[in-house]
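> This is the structure I want to talk about, given as structure tokens.
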């Protein structure tokens, strides 16, 4: 089984003030996944980010921060707004997959996951396992969920990857982003950005702190921290550039693709 995360920056214009799907990118990725599934059938779970659909309203409503009881009605509406927005993006994604002949089925995190202080603490994955056994492709995404400490919080796609991998024991975990992997600086704005082939320790993150873009879900540093936890369990992952044509197809087919490996090995 493979867990494939597709970043919100690939599927949407993440910096946009409006919810906007990158249709060309979405359709290309759907086509590459279909080609891989036709070439070598496999169990696949898709996780996607929220991009311009989820991040702006999450920041606006400050979901995950403590608030007074008097603010509860407005926070509750904010929760609903965010959940509705990310559900819209998921609908576009599943629609593109289905048009390609992929049996994609939406499984919203908010429907079965509960957190405590922004970390997932409850979530029954029996439904995931049943869908996989019947040949479906479960599609889950960054979402808002109920939180036992904070009432509500945002659960990133990266945290979902960790939770799914721990419980489903995949053969491979892949993260598709808008860069070739991990750099010490943003390679889109710094010509001298240093590329990292591998990360094996939290100490490796020291050079990244404060140098990467950080969003409401933790940015690149947050991704690596989640993946290093999986590395401790023997689950290796790889961060690649999903904007490069055929990269998704190649990595699903075990072909060589430039990227950063997150592993505890040498």
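> Being in contact with a helix residue (DSSP H, G or I) (Cβ under 8 Å, 6 or more places away or on another chain) and either under 21 Å from residue 88 (Cα atoms) or assigned to a helix (DSSP H, G or I) (or both) is the requirement here; does residue 161 meet it?
The answer is yes for residue 161.
> To continue, here is another question. Take the residues in segment 203-226 that are outside any loop (DSSP other than H, G, I, E, B) and over 19 Å from the mean Cα position of the chain (by Cα); name whichever of them is modelled with the highest pLDDT.
Kept after step one, since they are outside any loop (DSSP other than H, G, I, E, B), are these residues of segment 203-226: 203-207, 219-226.
Pick out the ones that are also over 19 Å from the mean Cα position of the chain (by Cα) and you get 203-207.
Details: 203: 71, 204: 68, 205: 68, 206: 68, 207: 66.
Checking each candidate, the answer is 203.
> So, residue 164, is that one within 28 Å of residue 63 (Cα to Cα), in contact with a strand residue (DSSP E or B) (Cβ under 9 Å, 6 or more places away or on another chain) and modelled with pLDDT under 85 or not? Steps first, answer last, please.
On the way: within 28 Å of residue 63 (Cα to Cα): yes; in contact with a strand residue (DSSP E or B) (Cβ under 9 Å, 6 or more places away or on another chain): yes; modelled with pLDDT under 85: no.
Spelling it out, it is not the case that residue 164 is within 28 Å of residue 63 (Cα to Cα), in contact with a strand residue (DSSP E or B) (Cβ under 9 Å, 6 or more places away or on another chain) and modelled with pLDDT under 85.
> Restricting to helices (runs of 4 or more DSSP H) lying wholly in segment 18-109: which have 1 or more residues that are closer than 18 Å to residue 142 by Cβ, in contact with a helix residue (DSSP H, G or I) (Cβ under 7 Å, 6 or more places away or on another chain) and free of Cβ contacts under 8 Å to residues at least 60 places away in the same chain?
Details: elements: 23-39, 51-61, 72-99.
Where helices (runs of 4 or more DSSP H) fall fully within segment 18-109 and carry at least 1 residues being closer than 18 Å to residue 142 by Cβ, in contact with a helix residue (DSSP H, G or I) (Cβ under 7 Å, 6 or more places away or on another chain) and free of Cβ contacts under 8 Å to residues at least 60 places away in the same chain, they are 51-61, 72-99.
> Hey, another quick one. If you take the residues of segment 183-202 that are within 19 Å of residue 226 (Cβ to Cβ) and not in a loop (DSSP other than H, G, I, E, B), which of them is modelled with the lowest pLDDT?
202
> Can you find, within segment 146-171, the residue that is nearest to the chain's Cα centre (by Cα) among those that are more than 16 Å from residue 225 (Cα to Cα) and surrounded by 18 or more Cβ atoms within 10 Å (Cβ to Cβ)?
Step one: list which residues in segment 146-171 are more than 16 Å from residue 225 (Cα to Cα), which gives 146-154, 167-171.
Next, from what is left, pick out any that are surrounded by 18 or more Cβ atoms within 10 Å (Cβ to Cβ): 147, 152-154, 170.
Numbers: 147: 20, 152: 19, 153: 16, 154: 13, 170: 15 Å.
Step by step, filter segment 146-171, then rank; the result is 154.
> Which of (1) over 17 Å from the mean Cα position of the chain (by Cα); (2) surrounded by 14 or more Cβ atoms within 10 Å (Cβ to Cβ); (3) part of a strand (DSSP E or B) does residue 132 not meet, given it meets every other one?
Just one mismatch for residue 132, condition (3).
The values are calculated or read from the model by the stated rules, or taken from the named source; none is laboratory data. What you are looking at is a predicted structure, and each value in this text was computed from that prediction instead of being measured. Virtual Cβ from ideal backbone geometry, glycine too; neighbours counted across all protein chains shown.
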